[in-house]
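*Asks:* Got a structure here, written out as structure tokens. Questions coming.
Every number in this text was worked out from the coordinates using simple rules, so none of it is lab data. The structure presented is a predicted model; accordingly, all values stated were derived computationally and were not measured. Ideal geometry is used to build each Cβ from the backbone, glycine not excepted, and the neighbour counts take in all protein chains shown.
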Amino acid sequence: MPGLDAYDGIYIFRGGQANPALQHRLEALAPNQDPSSLVDLNVDVVHIPTRWPPGKPLPFQPDDVVLQPGDVVFLEARTFDLFYAGGLLPSGEYVLPRDYDLDVIEAVSRVQGTLLNGAFGGNNFTGELLNPGLGNPSPSALTVVRRTANGGQVAISVDLNRAMRDPRERILVQPGDVLILQEMAGEATARYFSEVLNSTIFWRFINRGDVTGAATLSTP
């Protein structure tokens with residue numbers, strides 16, 4: 001069956017072994033060229049998709065999947081579908097799965113980004129699951145930069161916090177998408193105050209010759 005390096009379909013050329021020009025034409029196929037375009041070789045072509053939407057009638061009959069003497073089975077090679085990540089996500093190029101869809105929440109998890117954990121970096125894991133103090137808000141401003149058919153691009157804003165509650169926010173990632181994660185204005189302000197504006201209070205509540213009691217309070 002087709003692997004990760006093949007498209008979602010099998011082409012059967014009926015009696016193709018008897019046609020010497022077929023092999024040369026298959027090897028010379030341009031990227032994304034439909035193999036069914038080789039019908040000018042007087043060969044019947046049957047396309048068997050290996051991925052199909054549920055509930056829709058299949059576009060082939062049971063007899064179509066039965067091989068006959070002299071048939072040629074062709075699996076079209078493909079390049080990997082990629083998406084890209086940046087901003088507060090680990091920057092890089094990532095492969096989209098072939099056999100299932102990937103939404104934005106799953107894509108952030110796939111690249112080992114931060115999700116509802118106070119911007120805690122898993123790559124810096126030291127045995128602690130929580131930051132000291134109140135912690136930082138988790139970045140939730142995700143922008144999906146998507147190319148359009150006319151050569152332009154469109155920026156799609158996704159609130160990751162809302163996407164965790166509303167599946168309509170969990171848009172599917174398409175080949176070529178660029179995912180950029182940033183902080184909301186409120187999240188950046190809260191992080192600034194928690195990191196920059198901090199204070200320490202030292203209180204000595206017992207001060208005798210034989211006993212001393214003290215307490216320290218740090219905020220936030």
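*Asks:* State the extension gain, in nm to one decimal, for the chain segment bounded by Val73 and Gln23, taking 0.36 nm per residue of separation less the distance between their alpha-carbons.
*Replies:* Between Val73 and Gln23, full extension yields an extra 16.9 nm.
*Asks:* A further question follows. For the range 9-74, what is Rg from Cα atoms divided by 2.2 N^0.38 Å, rounded to two decimals?
*Replies:* So the range 9-74 has a normalised radius of gyration of 1.17.
*Asks:* Just order 165-177, 17-29 by mean Cβ neighbour count inside 10 Å, highest at the front, would you?
*Replies:* Taking the mean over residues of other Cβ atoms within 10 Å, the ranking is 165-177, 17-29.
*Asks:* Report the calculated FRET efficiency for Ala185 and Thr148 (r = Cβ-Cβ distance, R0 = 30 Å), to the nearest 0.05.
*Replies:* Efficiency at R0 = 30 Å is approximately 0.60.
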